[in-house]
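K.L.:
Starting off with a structure, shown below.
The values are calculated or read from the model by the stated rules, or taken from the named source; none is laboratory data. Since the model is a prediction, treat every value here as computed from it, not as a measurement. Cβ: placed from backbone, ideal geometry, glycine included. Neighbour counts: every protein chain shown.
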Amino acid sequence: MKNIILIGMMGCGKTTAGHLLAQQLGRPFVDCDELMEGNTGRTISEIFSQDGERGFRSLESQILEQLSHQEGLVIATGGGAVLSRNNVVSLRRNGILVFLDRPIEEICETLDTQDRPLAQEGHEAFVARHHHRLPHYLTAADVIIHDFSTPETTVAEILEKISEVGKKFLILNGPNLNLLGKRQPAIYGQESYASLCATVQNYAREHNSTATCFQSNHEGALIDQIQAADGVFDAIILNPGSFANYSYAIYDAIQAVDTPTFEVHISNIQAREPFRSVSVTAPACVGQIYGLGFEGYLRAMDFFLKGGQ
């Protein structure tokens with residue numbers, strides 16, 4: 001039974017909603033800040049004062065890693081927990097991440113700043129912190145909650161949306177894909193890499209799913225992502241770029257994990273230089289699509305959305 005993990009800014013209602021949600025589901029409730037205080041014998045303010053934010057984040061990561069190996073919990077995380085990709089990976093290992101997207105204006109009206117070290121810098125700094133963290137919340141979230149009229153309605157929306165959670169996709173792009181829009185536009189099109197990420201993430205969202213994008217020009221970085229996806233993502237959509245033509249290391253990585261991979265190429269590799277027509281990574285994948293531009297990524301996602309493995 002997967003954990004239900006509440007993420008969002010301090011004051012968004014994670015603790016209140018978490019207690020009520022746990023009560024309705026008959027599950028244990030864990031507040032990460034309270035657990036940290038119990039483990040250390042110090043308050044959050046004391047930890048910040050004595051260890052600084054870096055020390056606090058280190059303790060937080062240790063706790064989240066421990067919780068990720070448990071099942072059936074309702075967990076309220078600290079506001080900055082998702083700033084670390086490692087934390088997100090740990091939490092996703094056995095959990096559904098629920099972002100309580102309460103408007104910052106409402107949070108500021110009701111927030112009790114006592115014993116909240118990062119809320120002591122004033123209104124403008126707090127709002128700026130929210131703007132900085134918002135992309136991290138949106139990227140990490142499996143579902144997003146908008147109804148905060150009462151704690152009961154918030155919990156009702158959580159229960160409704162977690163029952164509809166779709167797939168978690170990891171979108172990997174290899175060398176030179178970061179130059180989309182600039183690199184040979186006659187072959188690869190005019191749209192940028194950022195546009196590609198927006199396209200796949202919007203499509204995933206339309207299907208109650210999530211898409212996490214990663215691009216690197218380095219073979220080892222892609223291999224690390226493939227290995228880290230094991231047990232965290234439902235599927236990998238991989239455009240290996242020219243690594244497709246010679247990277248048996250990426251082939252081995254795909255075969256070594258249980259997360260299925262679908263290979264995509266933006267251009268028609270069969271109509272280009274002869275060396276591009278042979279992919280050594282494709283045989284490790286469940287399928288391959290080429291020549292459809294950005295649409296190829298969406299069709300690869302469809303394969304998994306429609307039950308393919």
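K.L.:
Check the stretch 170-178 and report whether any residue there is touching a strand residue (DSSP E or B) at 6+ places or on another chain (Cβ under 7 Å), free of Cβ contacts under 8 Å to residues at least 60 places away in the same chain and surrounded by fewer than 19 Cβ atoms within 10 Å (Cβ to Cβ).
P.N.:
Filtering the stretch 170-178 for residues touching a strand residue (DSSP E or B) at 6+ places or on another chain (Cβ under 7 Å) gives 170-174, 177-178.
Among the residues that remain, those that are also free of Cβ contacts under 8 Å to residues at least 60 places away in the same chain are: 178.
This time we only want the ones that are surrounded by fewer than 19 Cβ atoms within 10 Å (Cβ to Cβ), so: 178.
The answer is yes, given that some residue of the stretch 170-178 is touching a strand residue (DSSP E or B) at 6+ places or on another chain (Cβ under 7 Å), free of Cβ contacts under 8 Å to residues at least 60 places away in the same chain and surrounded by fewer than 19 Cβ atoms within 10 Å (Cβ to Cβ).
K.L.:
Now, a different point. Exactly one of (1) part of a loop (DSSP other than H, G, I, E, B); (2) in contact (Cβ under 8 Å) with a residue 12 or more places away in the chain; (3) in contact with a helix residue (DSSP H, G or I) (Cβ under 9 Å, 6 or more places away or on another chain) is unmet by residue 165. Its number?
P.N.:
Of everything listed in (1) part of a loop (DSSP other than H, G, I, E, B); (2) in contact (Cβ under 8 Å) with a residue 12 or more places away in the chain; (3) in contact with a helix residue (DSSP H, G or I) (Cβ under 9 Å, 6 or more places away or on another chain), residue 165 misses just condition (3).
K.L.:
So which residues in the stretch 153-178 are touching a Leu at 6+ places or on another chain (Cβ under 7 Å), more than 17 Å from residue 7 (Cα to Cα) and at pLDDT 90 or above, if there are any at all?
P.N.:
Within the stretch 153-178, 172, 174 qualify.
K.L.:
Mind telling me which of the residues 43, 15 ends up being in contact (Cβ under 8 Å) with a residue 60 or more places away in the chain and farther than 28 Å from residue 143 by Cα?
P.N.:
Values: 15 fails: farther than 28 Å from residue 143 by Cα.
None of the other options fit; the residue is 43.
K.L.:
Does the stretch 1-26 hold any residues that are in a loop (DSSP other than H, G, I, E, B) and either hydroxyl-bearing (Ser, Thr, Tyr) or more than 24 Å from the chain's Cα centre (by Cα) (or both), and which are they?
P.N.:
26
K.L.:
Could you list all residues from the stretch 188-220 that are within 26 Å of residue 248 (Cα to Cα) and either charged (D, E, K, R) or outside any strand (DSSP E or B) (or both)?
P.N.:
188, 193, 216, 217, 218, 219, 220
K.L.:
Please name all residue pairs, on different chains or six or more residues apart, with Cβ atoms under 7 Å, provided the first residue is in the stretch 197-216 and is over 12 Å from residue 237 (Cβ atoms) and the second residue is acidic (Asp, Glu).
P.N.:
Between residues of the stretch 197-216 that are over 12 Å from residue 237 (Cβ atoms) and residues that are acidic (Asp, Glu), the close pairs are 208/164; 210/142.
K.L.:
I'm trying to understand the selection: among the residues of the stretch 164-210, which are of a type in the set (Val, Ile, Thr) and more than 26 Å from residue 142 (Cβ to Cβ)? Lay out the reasoning, then the answer.
P.N.:
Initially, the stretch 164-210 is screened for residues of a type in the set (Val, Ile, Thr), giving 165, 171, 187, 199-200, 210.
Listed by number, the list holds a single entry, 187.
K.L.:
Here are some conditions: (1) outside the structural domain of residue 89 (by TED's automatic domain parsing); (2) within 28 Å of residue 258 (Cα to Cα). Residue 190 meets all but one. Which one does it not meet?
P.N.:
Exception for residue 190: condition (2).
K.L.:
Do the conditions hold for residue 34, that is, is it part of a helix (DSSP H, G or I) and within 21 Å of the chain's Cα centre (by Cα)?
P.N.:
Spelling it out, it is not the case that residue 34 is part of a helix (DSSP H, G or I) and within 21 Å of the chain's Cα centre (by Cα).
K.L.:
Tell me the residue from 303, 275 that is hydrophobic (A, V, I, L, M, F, W, C), in a helix (DSSP H, G or I), more than 13 Å from residue 188 (Cβ to Cβ) and at pLDDT below 95, please.
P.N.:
Just one listed residue meets the conditions, 275.
K.L.:
Now, a different point. Limited to the stretch 258-309, what total is found for residues that are of a type in the set (A, V, I, L, M) and either under 24 Å from residue 230 (Cβ atoms) or under 23 Å from the mean Cα position of the chain (by Cα) (or both)? Working first, answer last.
P.N.:
Here is the first cut: in the stretch 258-309, the residues of a type in the set (A, V, I, L, M) are 264, 266, 269, 271, 278, 280, 282, 284, 286, 289, 292, 298, 300-301, 305.
Narrowing the set further to residues that are either under 24 Å from residue 230 (Cβ atoms) or under 23 Å from the mean Cα position of the chain (by Cα) (or both) leaves 264, 280, 282, 284, 286, 289, 298, 300-301, 305.
Number satisfying all stated conditions: 10.
K.L.:
Something else: Can you go through 87, 94 and tell me which one is at pLDDT below 90, within 22 Å of residue 228 (Cβ to Cβ) and of a type in the set (S, T, N, Q)? Steps first, please.
P.N.:
Values: 87 fails: at pLDDT below 90.
One residue alone meets the criteria, 94.
K.L.:
Kindly establish whether residue 46 is loosely packed, with under 15 Cβ neighbours inside 10 Å, more than 23 Å from the chain's Cα centre (by Cα) and within 21 Å of residue 11 (Cα to Cα).
P.N.:
So residue 46 passes the test.
K.L.:
Looking at this structure, is residue 222 of a type outside the set (S, T, N, Q), surrounded by 17 or more Cβ atoms within 10 Å (Cβ to Cβ), modelled with pLDDT of 95 or more and touching a Ser or Thr at 6+ places or on another chain (Cβ under 6 Å)?
P.N.:
Taking the combined requirement at face value, the residue satisfies it.
Rundown of residues vs (1) among the polar types (S, T, N, Q); (2) assigned to a strand (DSSP E or B); (3) more than 18 Å from residue 171 (Cβ to Cβ), yes/no style:
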residue: 238; (1), (2), (3): no, yes, no
residue: 249; (1), (2), (3): no, no, yes
residue: 267; (1), (2), (3): yes, no, no
residue: 280; (1), (2), (3): no, no, yes
residue: 293; (1), (2), (3): no, no, no
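K.L.:
In the stretch 173-194, which residues are under 24 Å from the mean Cα position of the chain (by Cα) and of a type in the set (Ser, Thr, Tyr)?
P.N.:
Once the filter is applied, which keeps residues that are under 24 Å from the mean Cα position of the chain (by Cα) and of a type in the set (Ser, Thr, Tyr), the stretch 173-194 yields 192, 193.
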